[in-house]
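Q: Could you have a look at this structure, given as structure tokens, before my questions?
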Amino acid sequence: MQHIIQEDLVAKAAALEKKKKRARTGVKWDRLFLACAYNWYWFVLSMVVCACIAYLYGKTLPQFYIARSSILVRTKDSSQGSPSMTFSDLGLATVNYIPNEPHKLKSSRVMEVVVNTLGLNVQYYLRMFLRDENIYKNTPVQVTPLHEVTTGFNITIVPKSDDEYEFCINQGTWKKAHFGNKINTDYGPLAITKTQKFSDYYFDKDLNVRISNPSATARSFASGLIVELADTHSDVLNLIIRGENPQMCADILNELVVAYNQEGINDKTQVARSTNAFIEERVADLSKDLSGVDNEVAILTANTVNSRMLGGESNNMNRLNQTEDLSLEINLAAQIRNFIAGMSPTDLIPANTGMNNSGISGQIERYNENVREYQKIAATSSNENPVMKELMTTMTTSRANIIASLDNYMSTLRTKQSQAERQRSQAQSSMMANPAQEKAITEVTRQQKIKEELYLYLLNKREENALQMAITEPNAKVMEPALPNPSPVTAQMPRMVLTGMVIGLLIPAFVLYGVFWYFSLDKTIHTRREVEEVCDIPILGELPAKKSNVTGEIVVNETSNDRMNEAFRIVRNNLDFVTAQNNSNGEATVIQFTSTMSGEGKSFVAVNLALSYTYVNKKVIVVDLDLRKGKFSEYVGVQDGSGASAYLSGKETDLNKVIHRGPLHEGFDII
């Protein structure tokens, strides 16, 4: 039983210690909540003010809008039934590689076409309340730079009448001009004309026009363009762009798809145009040669009497024709090799040249694909781009391999030509017996046949190349066109006002918290409750501070009923109640007044409380044991004679001589 009581006492002591620790440190949250409730009107006022500020701030922010579009990129699977797939046996089908298409769409070269088409390097703004609104396609005036813009600038236009306006550039000097007339500026000449939207509503209103370099504008829009796959296994690309005007965003995406398709068509026809020039040159040369050979055959045939020779030596003719075919093939391969050796590293090699070697033709086709990829990347990147360096290395290696393949091919053809020459010599020996006229006709006919075959072959290739140039199939098909979305995507006004109200609610709360936190650092006792929180000692009463106009330390009076007298009476009554419980044998009560340091009011409380007891007919003797300062004796006017120190040290043995009787009241004695 005793053990249980001890454990209970220990638990209570620990709980009390925790209570004291909490009371000594930190913010009193219950008092903070009460303070917030008491000052509720500050919260309401702060919320209203912050909501108004948030509303006005929202009106100053520019509004941004988003436009979306979806396109289907044509691949091998999605191009079935298209014109290019119809002629796939002629090698006219092209296949797009999906991972490359987002980079093509975000190319600044393609975006610059869009900027120039829509005139986006000139933006028009009208002041609406607290912010400038982009009035794309609703502008009352049109500013046309008459010279290439290299440096961006702002021009403010204020219409004054139907014919006259004022303007200034970059907040400079205001000038007057007339609509339709050319004006000269430091950035080049400009032409400012009225549009169909012009009306007297715009008189004396500031129109802010921002003019920039088209290339810089294109890079800005391209950096904000988002291109992403609809899903992993899809050929559909989603296009997203953000801008200051919903109609402008939609027009950019729609025009971007048009420019992208045109760029793809130009890429496809670039090789075809190079090949066409090569074929046209060869056809013109062969046409001249055939014309001369035809005339020579006609003359020899007219002078020949014995036509039997024309069909009697067919085997010999075949052997002679083989020699000419090989010579022609060697000549064609040599021309292509010389062209490759002398061209620029980024030029395209003509395709469909008629060379009977599929391996070399395949190498040329792959080389041209690398060149086109290099040109696209070079349009938007510097020469330090690692992808461009890798492509340049690949093209250099491929070009060297093509030249080596042509050399090997020509070496093989020369070997065959040597064999054919030997056979030709044998054929010529067998024809020595024929008349000279027969020999001449045979040689001319052979040349005519060779040139005709080559001429027909080149004509066939020219038609295939023309067909490829005629097929203008776009790279992408629009699945969902971009439409203007009038809802802004930036922070909307209701949300901003609500945020302002929340901030307004938090500001006074934080202010009150800061005040409470500041006072939590103050370890001085200010209220009775603070004492009760840190200890369990009963409090007898509270004394108000002495008024500044009261002189002297004696503040109690037998007939006065002010706050100070009432406070001392309450302390006296509570003290009587406490001492009565502890002193049941009627002995005198001894009360000690002490403090941690001087100046805390020991003497003040003691002298006034002692006087309060005398007013109820009780006798009190006060012993001033402050041996250093003795403020109490000073308050009652007793500073001479023997005291407690003399009696305790034995200098004075008669106790009555150290007691000073009735300095303030007849029942009030002091030592």
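Derivation of every value follows stated rules applied to the coordinates shown; laboratory data play no part. This is a predicted model, so every value here is computed, not measured. Glycine also receives a Cβ, built like all others from the backbone with ideal geometry; neighbour counts cover every protein chain displayed.
Q: In nm, to one decimal, how far is the modelled label at E566 from the one at N39, with both set 7 Å along Cα→Cβ?
A: Modelled inter-label distance: 3.0 nm.
Q: Something else: Tell me, what ³J(HN,Hα) does each residue in segment 359-373 have, in order and in whole Hz, if you take phi through Karplus 6.51 cos²θ - 1.76 cosθ + 1.60 with θ = phi - 60° and put x for Gly and Pro?
A: x, 5, 4, x, 4, 5, 5, 5, 4, 5, 4, 5, 5, 5, 5
Q: What FRET efficiency do you get for S223 and F519 if R0 is 56 Å and r is their Cβ-Cβ distance, rounded to the nearest 0.05?
A: 0.55
Q: Please report the relative contact order for segment 477-626, taking Cα pairs under 8 Å with a sequence separation of at least 6, and give it as a percent rounded to a whole number.
A: Relative contact order of segment 477-626: 18 percent.
Q: Summing Lys, Arg as +1 and Asp, Glu as -1, what charge do residues with Cβ under 14 Å from the Cβ of N356 carry, N356 excluded?
A: Computed value for this residue: -1.
Q: Does a label point 7 Å from the Cα of D267, set along Cα-to-beta-carbon, have any residues of segment 475-495 with amide nitrogen under 17 Å, and which are they?
A: Only 475-478 fall inside the zone, counting backbone N under 17 Å.
Q: Separate question: Once you've got the Cα coordinates, tell me which of K288/K461; K59/K197; K416/K449; K546/K618; K194/K477; K268/K449 are over 28 Å apart.
A: K194/K477; K268/K449
Q: Quick one: Karplus J couplings for segment 52-63, per residue in order, coefficients 6.51, -1.76, 1.60, θ = phi - 60°, nearest Hz, x for Gly and Pro?
A: 5, 5, 4, 5, 5, 5, x, 6, 8, 7, x, 8
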